[in-house]
Amino acid sequence: MKKILLAIVLMLIPQLVLAADARPDRPHWSLELKGGAFFPNASDWSKFYGSSYMGEYGGALSYKFLRQFEAGISGSFASASGSGFLQSSGQTSGNVTFQRAPVDVFVLARGIFNEKQLLVPYLGGGYTRMFYRAEIQDQGTVQGSVNGFHGRSGVQILMDGLDPSASESLYRDFGVHHTYFIMEGKYTRAMADTVSAGSVNLGGISAFGGFMFEF
């Protein structure tokens with residue numbers, strides 16, 4: 001009899017461990033914090049700013065309607081300083097500071113099928129409102145906002161397994177189900193009308209790395 005009871009206990013142990021590890025609810029929100037490089041669409045960007053890219057930083061908050069589908073809002077900011085441009089002579093003159101801050105409303109689909117999936121690919125896109133400001137020495141400031149669109153894709157790498165005890169503490173203390181490292185590429189198109197150059201695309205390509213928290 002004792003041997004039978006011992007065998008039953010041994011059979012139940014894996015089930016008890018799984019039950020303890022299972023969390024009673026699924027995550028409903030995602031928070032992203034990321035940074036990287038923005039490569040402007042303008043072909044002569046490096047001529048005036050000394051580099052083909054500038055740093056970009058941002059974040060996103062989204063609600064999960066389903067485990068594989070969510071919608072939300074994101075924003076980022078990028079700034080660069082370089083040499084100004086005199087429209088009358090076509091020569092550089094003084095200093096210029098350019099800033100851009102796109103605000104995105106998006107939908108996103110994630111290829112996740114279980115909670116311990118190591119790699120989760122995703123694809124999304126939506127509406128963009130591009131805010132911009134350019135201050136050129138001796139020529140004043142130009143600022144405004146235009147409508148556009150964006151698309152993005154990437155992969156999320158589950159980090160819970162690196163330190164299971166820390167992951168469990170995050171869930172117990174803050175309700176964070178999972179932590180992911182994300183790698184993402186994003187394309188933005190937002191056309192602005194100018195006096196000298198006609199329509200100019202203020203968008204381009206962004207390459208991001210960062211973290212995503214599900215809660």
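Here are the numbers for this structure:
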item	result
Built amide H within the under 5 Å cut-off of G125, gap 5+	V107, R152
For G204, net neighbour charge (Lys/Arg +1, Asp/Glu -1) across residues whose Cβ lies under 15 Å away	0
Whole-number percent relative contact order across the stretch 28-214, with pairs defined as alpha carbons under 8 Å at least 6 apart	21
Base-10 log of normalised Debye intensity for the stretch 28-214 (one unit scatterer per alpha-carbon) at q = 0.11, 0.12 Å⁻¹	-0.56, -0.64
Förster radius 35 Å - calculated FRET efficiency between A166 and R189, Cβ distance, rounded to 0.05	0.30
Lysine pairs within the stretch 28-214, Cα separation less than 22 Å, 8 or more sequence positions apart or different chains	4
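None of the figures in this text is laboratory data; all of them are computed from the coordinates on show. Nothing here was measured: the structure is a model prediction, and the numbers come from that model. Cβ: placed from backbone, ideal geometry, glycine included. Neighbour counts: every protein chain shown.
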